[in-house]
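In what follows, a single structure is set out as structure tokens and then discussed.
The values are calculated or read from the model by the stated rules, or taken from the named source; none is laboratory data. Because the structure is predicted, anything quoted here is derived from the model rather than measured. Positions of Cβ are backbone-derived with ideal geometry, glycine not excepted, and every protein chain shown enters the neighbour counts.
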Amino acid sequence: AEEKFDGSYVTTTSSDIEMMYDSWNSQGMQTVGLRFDNVVVPINATIINAYIQFTADASNSSSVSITIKGENNANSPTFSNTPNNISGRFTTDTSVVWNPSSWSNNSAGTNERTPDLSSIVTEIITSNGWQSGNPITFIITGTGNSSDLRKADSFDESASQSAKLVIEYSPNYNVDLAINSCISPNLNMYPDSATTVQVDIINYGNLDANNYNVSYSINGNLIASEVVNTPLSIGQNISFSFAQTADFRSIGSYILTAEVTILNDEDTLNNILTKNISVINEIDTLFFNQGSHWRYWDVSSNIASGWNDSLFNDDSWPVGYSQLGFGEGDEQTLLNNGLIGYYFRKKVNIIDTGQLNDIYLHMVHDDGAIVYINGQEVLRTEMIPLGAINNATPARQSINEDNENNFYTYKISSSYFTNGINTIAISIRNRSASNNDVSFDCYITPSFLYDYDGPYVSYNNGIIIVNEITPSGLITNTYNSSNGLQLTCTLPHMNTSFSFNLKSQIVTEPSTYPITPSKFLAISDFDGHIEGFTMILRREGIIDSAFNWIYGNGHLIISGDLFDRGFHITECMWLLYKLETEAQLQGGKVHLILGNHEIMNMTDDWRYVEVKYFNNASLMGKRMAELYDSDTELGRWLRSKNIIEKVGKYAFLHGGISPQLAALNLTYDEINDYGRIEINGLSCPNNDCITVNGSNGIYWYRGMVYQTLTQQQVDEFLDSLDVQRVIVGHTKGSTIRSMYNDRVMAIDMYHVDNFNNGYMEALQFELGCFYIFHTDNVNDTYTLLGDCDSYSNVLDANVNNGFNIFPNPNSNILNIKFPFEKLGLSNYKVIDVNGSIISSGVINSELSNIDMSSYSEGTYILTITNSKKVITGTFILKH
């Protein structure tokens, strides 16, 4: 696992281990945690040598200082994606400093090996109740930067090349046999009158062992005592099965105690092992709860045919309570890792299927699942491929990491069930055998309340199909024409709704707009958070309380990512769809620039989609890709949008402009055409297309906001695009940032956090000046951001026969001189850098005077407007 330097974020999935700098996080420096399972070292052993062997994932010879400590915990828990999960662990007093030599890519030699860690291992196994077979965790910190680091293969990248812990030890007793574990029975089991009892015996002594006795008892009653003559060499272990089986036919709790004895055993503390056994009823009710019991198979993916059939004999399968899985730390039953497929079976009894209506199956399935009832497949989750599959078929994508332990809901017809005993069989599929976790849980209910969503509008042979998700389920209506058809988005959490009509046609947006609007609001990455989005639109005067456009000829510009992570994405899209039509009627404009998350949702990439949308797609009988394909209204509308637009003197895009992209010298139309190739699922015809849509492309690149470019590069990039500034989203900050001498404006922020803290912000532009618009839904402020730009359609200031202000810098009285023939009816406003209007009035003579004596020193903005002209500029006040 890797943790940001300040502990604020932990990731448990990575293709490599960077020590100690990683570009995945904005802080660069990080803490690394390495956890090794099943470390078989006796508590009394003397550690001779210990080290971690890495395999290099890149060549590097720079100087790095690394400090290694152990977690001072005899049974170290697995890592989780919670803040400070690595750095917050209690560490050993002992530490080892490592200054690694040069690494060569793919090498796994002495240079890629840590110094001796025996002092750390010794401290761990001599404290906290260490037991052989427990895990050991190392916590790694150090120095570094983007050039000075070491990169090693991780388990996610390659299990065979992942870090390996090597421990050399010497046992301290000549004769020492131990019960290492009780293999069978499992902690939980169904009734069985002849259960095999199997234990693992290990020789910790310095001498070979033979002629020893093994016994077991149940609830204090001796059941079997058997002599074993199988020799055990030093360090060897065997799995021993008793000839005498155990009788667990009755439901209840049992204490099973196993013991090994040998003459002259020098450590008898490890001779006895006790295991609590719970015998439970195999047959469950149909409406069973989460955390229930299942038979499971986690030995290999090559499972016997017919495993999903009712008649399949699963007596050899162990029983466990869910959650079943590994790698998350929240499992009731721990499964083996390293498999593509995991298999689960449960029997339920139904007295009368005639009493059943629809059934709702709720499931945790990391990454995907296939569900069978009485041998018949009833559903595949989104991450399972369509078509023929076999036991080696992996999930086609990884599930959203934030939703790995959330329940997805699937409506199932009761017709799949019969009276009597029914078998539910489920296969969970990982993305790959090297995945570092898997999770499964399931329960069934007779009802489910869905969240409002929709409408979803699609077309089939000229018929309009409208699907809406309501708490009670799916409502579907069909129409022959859109004439007079009004659709409604319901927002019960806001106690409101809005209605709209379908467009008569959808036209591809132009890439460039020649005139800079007099005002616009730009925002990005609000991720379907309609409360915050509409709050800022209302406060800026873009919409009224009924969601109608009131912004006149102003522009609303979205620099990407209204998709993913949020819960009202559909409603946000329909609102923009509606406002787009209304704005056009008033001479205004709505621009939606596509970001990486829009592209992902149109190209079958669901890594960040919330559970709600999977539930709703399943309810509609659709795969996720069908929600926005070219046969849907929103899919067609999204495909009309661009990935970059030039609006007057400014370019709007989602990610940034990289040197690789700039070197192509593409036109706006060419960039957008390449974007549509990606959106439509076509193969890129050339490298230019690959660059536009790749990691250095227009909607993915972050280097511009990370300020890895030079001022000269940015100036050249923007000059080639013929713009004064670019406005980008994609890369978050605490507020809006102006960079590179005001030529780049980064507007992505933590909108959800901001809303929860009572405010929203966006970039506001008016008459050549940019402001951070801040609202708490009661008070609004406008903070000037950088210098104002010259604005088209203005009179020149301080030139012959033109508009004059003087003196500038000013001390007390600001004079405004207007040629009589150009005067007309003009209004003026003086605005400070915080966006507050400090003076306003009417210019009704050729020379007007404004008293500035009571205002603080600083820069002010003067704006003059009349029916034909708009004039703006700055002046300086000094007393």
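Among the candidates Leu627, Leu594, Leu638, Leu653, the residue that is farther than 19 Å from Gly729 by Cα and either at pLDDT 95 or above or among the aromatic types (Phe, Trp, Tyr) (or both) is uniquely Leu627.
In the stretch 391-411, the qualifying residues are those that are of a type in the set (S, T, N, Q), in a loop (DSSP other than H, G, I, E, B) and within 17 Å of Thr12 (Cβ to Cβ), and the one that is modelled with the highest pLDDT is Asn406. Counting the residues of the stretch 266-302 that are in a loop (DSSP other than H, G, I, E, B) and either at pLDDT 95 or above or within 27 Å of Leu339 (Cα to Cα) (or both) gives 16. Checking each residue in the stretch 136-178 for being out of contact with any helix residue (DSSP H, G or I) (no Cβ under 7 Å at 6 or more places or on another chain) and within 29 Å of Ser217 (Cα to Cα) picks out Tyr173, Asn174, Val175, Asp176, Leu177. Among the numbered conditions (1) closer than 29 Å to Arg396 by Cβ; (2) in contact with a Lys or Arg (Cβ under 7 Å, 6 or more places away or on another chain), the only one that Pro685 does not meet is (2).
Tell me yes or no: at least one residue of the stretch 677-697 is touching a residue at least 40 places away in the same chain (Cβ under 8 Å), crowded, with 22+ Cβ neighbours inside 10 Å and assigned to a loop (DSSP other than H, G, I, E, B). Yes, that holds for at least one residue.
For the stretch 585-642, give me each residue that is assigned to a loop (DSSP other than H, G, I, E, B) and of a type in the set (Asp, Glu).
Taking the stretch 585-642 as the starting set, the residues that turn out to be assigned to a loop (DSSP other than H, G, I, E, B) are 586-588, 594-595, 603-610, 620-623, 629-631, 640-641.
Passing the criteria: Asp604, Asp605, Glu610, Asp629, Asp631.
The strands (runs of 3 or more DSSP E) located wholly in the stretch 1-83 that include 2 or more residues which are buried (at least 19 other Cβ atoms within 10 Å of the Cβ) and out of contact with any Pro (no Cβ under 9 Å at 6 or more places or on another chain) occupy 16-19, 30-36, 46-53, 66-71.
Kindly indicate the residue of the stretch 469-487 that is in a strand (DSSP E or B) and touching a helix residue (DSSP H, G or I) at 6+ places or on another chain (Cβ under 9 Å) and also surrounded by the fewest Cβ atoms within 10 Å (Cβ to Cβ) among those meeting that condition. Within the stretch 469-487, the match that is surrounded by the fewest Cβ atoms within 10 Å (Cβ to Cβ) is Gly473.
I'm checking my understanding of the structure. Among residues of the stretch 541-577 that are among the charged types (D, E, K, R) and buried (at least 22 other Cβ atoms within 10 Å of the Cβ), which one is modelled with the highest pLDDT?
So the first thing to find is which residues in the stretch 541-577 are among the charged types (D, E, K, R), and the list is 544, 561, 564-565, 571.
Among the residues that remain, those that are also buried (at least 22 other Cβ atoms within 10 Å of the Cβ) are: 561, 564, 571.
Values: Asp561: 94, Asp564: 87, Glu571: 98.
Among those that are among the charged types (D, E, K, R) and buried (at least 22 other Cβ atoms within 10 Å of the Cβ), it is Glu571.
Hey, does the stretch 624-639 have a residue that's without any contact (Cβ under 8 Å) to a residue 60 or more places away in the chain, surrounded by 21 or more Cβ atoms within 10 Å (Cβ to Cβ) and farther than 30 Å from Thr478 by Cβ? No.
Name the residues in the stretch 183-225 that are in a strand (DSSP E or B) and closer than 19 Å to Ser132 by Cβ, would you? Working first, answer last.
Applying the first criterion (in a strand (DSSP E or B)) to the stretch 183-225 yields 183-184, 188-189, 192-195, 198-203, 209, 212-218, 221-225.
Selection gives Ile183, Gln198, Val199, Asp200, Ile201, Ile202, Asn203, Ala209, Tyr212, Val214.
Against the conditions (1) in the same structural domain as Ile593 (by TED's automatic domain parsing); (2) assigned to a loop (DSSP other than H, G, I, E, B); (3) closer than 25 Å to Thr488 by Cβ; (4) touching a residue at least 40 places away in the same chain (Cβ under 8 Å), Met535 satisfies every one except (2).
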